[in-house]
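**Student:** Structure below; questions to follow.
The values are calculated or read from the model by the stated rules, or taken from the named source; none is laboratory data. Source: prediction; values computed, not measured. Note: ideal-geometry Cβ built from the backbone for every residue, glycine included; neighbour counts use all protein chains shown. Note: areas computed on protein heavy atoms with side chains; ligands, DNA, RNA excluded. Shrake-Rupley method; radii C 1.70, N 1.55, O 1.52, S 1.80 Å.
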Amino acid sequence: MSENLSSSAEAIDDAPSVHAIQAKWQEYWAENDTFLAGGAEDTRPRKFVLAMFPYPSGDLHMGHAENYLYSDIVARFWRHRGHNVLNPIGWDSFGLPAENAAIRRGADPREWTYQNIDQQKRGFKSYGVSFDWSRELHTSDPEYYHWNQWLFLQLHERGLAYRKKSPVNWCPNDQTVLANEQVVDGRCERCGAEVIKKKLTQWYFKITDYADRLLDDLNQLEGRWPHKVLQMQRNWIGRSIGADVDFRIEGREEPVTVFSTRPDTLHGATFFVVAPDADLAAELVADAPAEVQERFAAYLADVQKTTDIDRQSTDRPKTGVFLERYAINPVNGEKMPIWAADYVLADYGHGAVMAVPAHDQRDLDFARAFDLPIKVVVDTTAPITGAMPVIEVDDEGVPIDTGAALDEQHPSKTGVALTGEGRLINSGDLNGLSKRNAITRTIEQLQANGTGRAAKNYRLRDWLISRQRFWGTPIPMLHHEDGSVTPVPEAQLPVTLPSVDGLDLSPRGASPLGAAESWVRTVDPVSGDPVLRDPDTMDTFVDSSWYFLRFLSPNSDQFAFDPTEAARWAPVDSYVGGVEHAILHLLYARFITKVLFDMGLIDFTEPFSSLINQGMVILDGAKMSKSKGNLVLFQEELDKHGADALRVGLAFAGPVEDDKDWADVSTTGAQKFLARALRLSHEVSSPVDVLFKDGNAALRRGTHHLLAEAPALVEQTKFNVLVARLMELVNLTRKTIDSGAGAADPAVREAVETLAVMLDLIAPHTAEEMWEALGHEPSVGLVHWRQADPALLVEDTITAVVQVGGKVRAQLEVSAKISEAELEALARADERVIRAIGDKEIMKVIVRAPKIVSFAVKG
RNA sequence: GCCGGCGUGGCGGAAUGGUAGACGCGGAGCACUCAAAAUGCUUUGUUCGAAAGGACGUGUGGGUUCGAGUCCCACCGCCGGCACCA
């Protein structure tokens, strides 16, 4: 801002300006280490408060402003409640944007990254966030990614990191593979390019081994994580319970296993389908007539051309090729033709299904398209409660009368598969059983025959962690000439990234590290053999899957984290971040936590005891984006209104989890409120040690009501309501002063001190300034919240409400201690009540002293 | 299609089954001022009424209850997740 503005501008912001106050206190906090967490000797109870660490993309934006405001409110709250609070900050500083920027400028990704970190760091400091800066970490430092490599080796040793050749998601734009979680609607989560499938050998983490625990442990988080996130994780893991059934295949020695959630319908399985891109399909077609092979090859080529986006469109007609091979139904020996069709996925279950067209919509659509038999085996019109019905059967055990109702609903007529509850028919000794009982019975029978067993399947796939990019953690594995792969010994870690000098980082499908000859070619320290380093780097979600633990021992070169410190601080008590990580980061972090638990390094199985999901900051109903040009810039708003007004505006805009439209965020309202509060502190004229008990009673009650209510508001993250309550107390204090009590009234000091201490959560600079004006030593951030005096929470008089026929007809000012009889008598005597009752008959009187009298009337 | 969430003034939103609309934005009016800004005060759901006072009112329709924004059932709408997952 220019210096030569006229004096009128100064008059508006009467000195000291908001910005001067900000600078003053930010300097004070830095110099005094006000917000450093206490060490091992600190006996206060501990709270670990954490916001998802930022990716250093450049300037802070409004999303950051919101995210770190909420975590700061929680951290400040616990300090005021006498806790030793750890509120650290670090940088998720590996990743593609740095690399892409480096390619554009022909520079080192390090430069871009560390410059951005500096910039964002200044942003956080000018925003007044109470971080413990002494524990700052960068995932792109060798001191950090050393321990990513260590973690990888631990997983490898336990069989949880493995290599396999498999169709993977490939982003043709970023020229790298993607995890399943990073493909959104068939597109790359980062750049939006249509993802294609490629068959590649890649490193995976075996997260599916933990699928049951990841799913079941979500129950522990019920009520402590947003319902929505729990639901999303449950959907993502997608457990199905059913049976594996072994089918003999004519001309093949080994039986083929398929998974089904409806083993009860096995008698209705009339054909068999394999995924065209599964190995089984290729094998089965190998012995087929040449003409079939040709048709299959053409079909497979077609299928592979289809992108996921096309493949997922629901009304796509069913396609497939008959392979002229047969499977044998294990329950009735019937021959089932085998088809290859792309509605069956190669990488789910066993890549093949038994098709039950009568009771599965997809199978039905396929059967109708290719004229395959449809056999109903569950009568969905039969009652399923009560005793098992007697079903009359003919000589061959086929029920004689399945009823006209069922006939009408036959899938071959309606095109609608019968998936509901019902009673089994056409199924031998299962006939008459309910669906549920038939499932149990079938599994027992399969198990007895050795042709099947109970089984579970998951939508969740293993976590593909290899990336063909430079700016990430090198995978610490060595490739030998004989094809074997061995780990780099732990003592040799970290495997550091080479210099970018002479390296072409531009994406071309293979990791740029592969071209760093002097880096890639090395010697195995164990065998002495010449080996090649693995040229890929790890998914950056590996970095963030355990970083919260690194904050506990940020400088250790002995271990990733100190288990003693972990026992002290972890798990994280309050975790704050956007819902966009509902599955990715939060699932991976939960997985790694369980692995570390199994290793005996930590004593908990869930990393984040409670989770706060903030909504997005949007503008005029639309997501802000650079390309749309509808950005609200953090720094600009901060300069314009000051950090505290920004913080109050955001906190007051609405519930934490809702999106906030910047158009609805009132920074002017916030500024006015803060100015009113600050002005009060300058008016207070009673001495610091004045006795509050002599103060204005109504104001004292207001103060103590807030003292009583505020902690619950913070713990329930109702920050917008907290701001409203603070506004109310400011208004009440103003009124008390102006209406006669005056600024010297002890209750005014009590109210303003309370305001300062509570306002610190949201507007810390203003709070410090108020605290100082009140004659106290800084920092207000470390002052304990006073307890509410129960005596002051009891009102002398209360407004009782009288209802007649459910409608409010009168308000009565009564003593809070009034008896029910007295209150009823008062109500009956009230003129308005008498008028409302008129000549109606009183049926019933409900009295809840001192709040309510309710007359139920007739007529 | 399956699963989940949400519908409250002009706007953001508040409300352990007990006075719906706290608090704020915006609007209107007033005081201070030569004037403005700033500040302070009053008012502001709709509707009938000069007023007193009344009627209506939390997406729609039903139900439970002395009493429902809140609980139950059905429907409508919006948002989110998953989706040819066997």
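**Student:** Against the condition open to solvent by 20 Å² or more (accessible area, probe 1.4 Å), closer than 19 Å to A:Ser686 by Cα and either part of a loop (DSSP other than H, G, I, E, B) or within 9 Å of RNA strand B (Cβ to nearest atom) (or both), how does A:Gly740 come out, does it pass?
**Tutor:** Details: open to solvent by 20 Å² or more (accessible area, probe 1.4 Å): yes; closer than 19 Å to A:Ser686 by Cα: yes; either part of a loop (DSSP other than H, G, I, E, B) or within 9 Å of RNA strand B (Cβ to nearest atom) (or both): no.
Considered against the rule, which asks whether it is open to solvent by 20 Å² or more (accessible area, probe 1.4 Å), closer than 19 Å to A:Ser686 by Cα and either part of a loop (DSSP other than H, G, I, E, B) or within 9 Å of RNA strand B (Cβ to nearest atom) (or both), A:Gly740 comes out as no.
**Student:** Could you please find all residues in region A:242-290 being farther than 15 Å from A:Tyr348 by Cα and in a loop (DSSP other than H, G, I, E, B)?
**Tutor:** Matches in region A:242-290: A:Glu250, A:Gly251, A:Arg252, A:Glu253, A:Glu254, A:Pro255, A:Arg262, A:Ala269, A:Thr270, A:Asp287, A:Ala288, A:Pro289.
**Student:** Could we say that A:Thr270 is away from RNA strand B (no atom under 11 Å from the Cβ), under 18 Å from A:Leu418 (Cβ atoms) and either touching a residue at least 12 places away in the same chain (Cβ under 8 Å) or touching a Pro at 6+ places or on another chain (Cβ under 7 Å) (or both) here?
**Tutor:** Answer is yes for this residue.
Yes or no, residue by residue, for (1) within 7 Å of RNA strand B (Cβ to nearest atom); (2) in a loop (DSSP other than H, G, I, E, B):
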| position | (1), (2) |
| --- | --- |
| A:Tyr343 | yes, yes |
| A:Asp347 | no, yes |
| A:Ala358 | no, yes |
| A:Leu364 | no, no |
| A:Ala367 | no, no |
| A:Leu372 | no, yes |
| A:Lys375 | no, yes |
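**Student:** Here is a follow-up. Go through (1) within 25 Å of A:Ala75 (Cβ to Cβ); (2) open to solvent by 20 Å² or more (accessible area, probe 1.4 Å); (3) in contact (Cβ under 8 Å) with a residue 60 or more places away in the chain one by one and return the number of the condition A:Leu137 breaks.
**Tutor:** Only one criterion in (1) within 25 Å of A:Ala75 (Cβ to Cβ); (2) open to solvent by 20 Å² or more (accessible area, probe 1.4 Å); (3) in contact (Cβ under 8 Å) with a residue 60 or more places away in the chain is unmet by A:Leu137, namely (2).
**Student:** Looking at region A:789-801, can you tell me whether even one residue there is surrounded by 14 or more Cβ atoms within 10 Å (Cβ to Cβ) and more than 16 Å from RNA strand B (Cβ to nearest atom)? Spell out the reasoning first.
**Tutor:** Step one: list which residues in region A:789-801 are surrounded by 14 or more Cβ atoms within 10 Å (Cβ to Cβ), which gives A:789, A:792, A:798, A:800-801.
Subset that is more than 16 Å from RNA strand B (Cβ to nearest atom): A:789, A:792.
Within region A:789-801 (the criterion being surrounded by 14 or more Cβ atoms within 10 Å (Cβ to Cβ) and more than 16 Å from RNA strand B (Cβ to nearest atom)), the answer is yes, since at least one residue qualifies.
**Student:** A:Leu619 passes all but one of (1) open to solvent by 40 Å² or more (accessible area, probe 1.4 Å); (2) touching a strand residue (DSSP E or B) at 6+ places or on another chain (Cβ under 9 Å); (3) more than 10 Å from RNA strand B (Cβ to nearest atom); which number fails?
**Tutor:** For A:Leu619, the failing item is (1).
**Student:** Which numbered condition trips up A:Lys199, out of (1) under 26 Å from A:Thr419 (Cβ atoms); (2) open to solvent by 10 Å² or more (accessible area, probe 1.4 Å); (3) within 35 Å of the chain's Cα centre (by Cα)?
**Tutor:** (1)
**Student:** Between a residue in region A:563-576 that is in contact (Cβ under 8 Å) with a residue 40 or more places away in the chain and any residue that is among the basic types (Lys, Arg), which pairs come within a Cβ distance under 7 Å, given they are 6 or more apart or on different chains?
**Tutor:** A:Arg568/A:Arg46; A:Trp569/A:Arg46; A:Asp573/A:Lys47
**Student:** Still on this structure: Restricting the search to region A:180-232, which residues are free of Cβ contacts under 8 Å to residues at least 24 places away in the same chain and not acidic (Asp, Glu)?
**Tutor:** Passing the criteria: A:Val184, A:Cys188, A:Cys191, A:Gly192, A:Ala193, A:Leu218, A:Asn219, A:Gly223, A:His227, A:Leu230, A:Gln231.
**Student:** Would you mention how many residues in region A:284-301 are in contact (Cβ under 8 Å) with a residue 12 or more places away in the chain, surrounded by 13 or more Cβ atoms within 10 Å (Cβ to Cβ) and not aliphatic (A, V, I, L, M)?
**Tutor:** Counting residues in region A:284-301 that are in contact (Cβ under 8 Å) with a residue 12 or more places away in the chain, surrounded by 13 or more Cβ atoms within 10 Å (Cβ to Cβ) and not aliphatic (A, V, I, L, M) gives 4.
**Student:** Still on this model: Determine, yes or no, whether A:Val857 is under 26 Å from A:His705 (Cβ atoms) and either buried (at least 19 other Cβ atoms within 10 Å of the Cβ) or within 16 Å of RNA strand B (Cβ to nearest atom) (or both).
**Tutor:** Values: under 26 Å from A:His705 (Cβ atoms): no; either buried (at least 19 other Cβ atoms within 10 Å of the Cβ) or within 16 Å of RNA strand B (Cβ to nearest atom) (or both): yes.
Considered against the rule, which asks whether it is under 26 Å from A:His705 (Cβ atoms) and either buried (at least 19 other Cβ atoms within 10 Å of the Cβ) or within 16 Å of RNA strand B (Cβ to nearest atom) (or both), A:Val857 comes out as no.
**Student:** If you don't mind, there's one more thing I want to ask. Does A:Leu726 satisfy the criteria of being within 16 Å of RNA strand B (Cβ to nearest atom), out of contact with any Lys or Arg (no Cβ under 9 Å at 6 or more places or on another chain), part of a helix (DSSP H, G or I) and closer than 26 Å to A:Tyr575 by Cα?
**Tutor:** For A:Leu726, the condition - within 16 Å of RNA strand B (Cβ to nearest atom), out of contact with any Lys or Arg (no Cβ under 9 Å at 6 or more places or on another chain), part of a helix (DSSP H, G or I) and closer than 26 Å to A:Tyr575 by Cα - is met.
**Student:** Could you run through region A:698-714 and say how many residues are open to solvent by 30 Å² or more (accessible area, probe 1.4 Å) and free of Cβ contacts under 8 Å to residues at least 60 places away in the same chain?
**Tutor:** Here the count works out to 3.
**Student:** Looking for whichever is crowded, with 16+ Cβ neighbours inside 10 Å and not in a helix (DSSP H, G or I) here; the options are A:Val648, A:Val656. Which one fits?
**Tutor:** Answer to the check: A:Val656.
**Student:** Quick one: in region A:503-518, which of the residues that are in contact (Cβ under 8 Å) with a residue 12 or more places away in the chain and part of a helix (DSSP H, G or I) is surrounded by the fewest Cβ atoms within 10 Å (Cβ to Cβ)?
**Tutor:** Checking each candidate, the answer is A:Ser518.
**Student:** Being at pLDDT 95 or above and open to solvent by 20 Å² or more (accessible area, probe 1.4 Å) is true for just one of A:Glu772, A:Glu813, A:Glu824. Which residue is that? Before the answer, list the steps.
**Tutor:** Values: A:Glu813 fails: at pLDDT 95 or above; A:Glu824 fails: at pLDDT 95 or above.
So the residue among A:Glu772, A:Glu813, A:Glu824 that is at pLDDT 95 or above and open to solvent by 20 Å² or more (accessible area, probe 1.4 Å) is A:Glu772.
**Student:** I've got another one for you. Which members of region A:642-679 meet the condition of being more than 7 Å from RNA strand B (Cβ to nearest atom) and basic (Lys, Arg)?
**Tutor:** A:Arg647, A:Arg679
Let's see how each residue does on (1) in a strand (DSSP E or B); (2) surrounded by fewer than 19 Cβ atoms within 10 Å (Cβ to Cβ); (3) of a type in the set (A, V, I, L, M, F, W, C):
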residue	(1), (2), (3)
A:Gly432	no, no, no
A:Ala438	no, no, yes
A:Arg441	no, yes, no
A:Ala448	no, yes, yes
A:Arg453	yes, yes, no
A:Arg461	no, yes, no
A:Trp471	no, no, yes
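**Student:** Looking only at region A:840-854, count every residue that is open to solvent by 40 Å² or more (accessible area, probe 1.4 Å) and either within 10 Å of RNA strand B (Cβ to nearest atom) or not aliphatic (A, V, I, L, M) (or both) and tell me the total.
**Tutor:** Total satisfying the criteria: 9.
**Student:** Can you work out which of the residues in region A:827-839 that are out of contact with any Lys or Arg (no Cβ under 7 Å at 6 or more places or on another chain) and of a type in the set (A, V, I, L, M) is least open to solvent (accessible area, probe 1.4 Å)? Lay out the reasoning, then the answer.
**Tutor:** In the first step, residues of region A:827-839 are kept if they are out of contact with any Lys or Arg (no Cβ under 7 Å at 6 or more places or on another chain); the result is A:827-831, A:834-835, A:837-839.
Then keep just the ones that are of a type in the set (A, V, I, L, M); that gives A:827, A:829, A:834, A:837.
Numbers: A:Ala827: 0, A:Ala829: 71, A:Ile834: 92, A:Ile837: 20 Å².
The selected residue is A:Ala827.
**Student:** Just one of A:Trp203, A:Trp236 is aromatic (Phe, Trp, Tyr) and in a helix (DSSP H, G or I); which is it?
**Tutor:** A:Trp236
**Student:** Now for a separate question. How many of the residues in region A:680-697 are open to solvent by less than 10 Å² (accessible area, probe 1.4 Å) and free of Cβ contacts under 8 Å to residues at least 12 places away in the same chain?
**Tutor:** Selection size over region A:680-697: 0.
**Student:** Okay, next question. Take region A:692-715 and flag every residue that is modelled with pLDDT of 95 or more and either polar (S, T, N, Q) or near RNA strand B (Cβ under 9 Å from one of its atoms) (or both).
**Tutor:** Once the filter is applied, which keeps residues that are modelled with pLDDT of 95 or more and either polar (S, T, N, Q) or near RNA strand B (Cβ under 9 Å from one of its atoms) (or both), region A:692-715 yields A:Thr703, A:Leu713.
**Student:** Looking only at region A:805-839, filter to residues that are on the phi > 0 side of the Ramachandran plot and within 50 Å of the chain's Cα centre (by Cα); which one of those is nearest to RNA strand B (Cβ to nearest atom)?
**Tutor:** In this case the residue turns out to be A:Gly806.
**Student:** Report yes if some residue within region A:259-271 is within 23 Å of A:Ala298 (Cβ to Cβ) and hydrophobic (A, V, I, L, M, F, W, C); otherwise report no.
**Tutor:** The answer is yes; a qualifying residue exists.
**Student:** Okay, next question. Within region A:522-593, which helices (runs of 4 or more DSSP H) (wholly inside it) include 3 or more residues that are crowded, with 22+ Cβ neighbours inside 10 Å?
**Tutor:** Qualifying helices (runs of 4 or more DSSP H): A:540-543, A:547-550.
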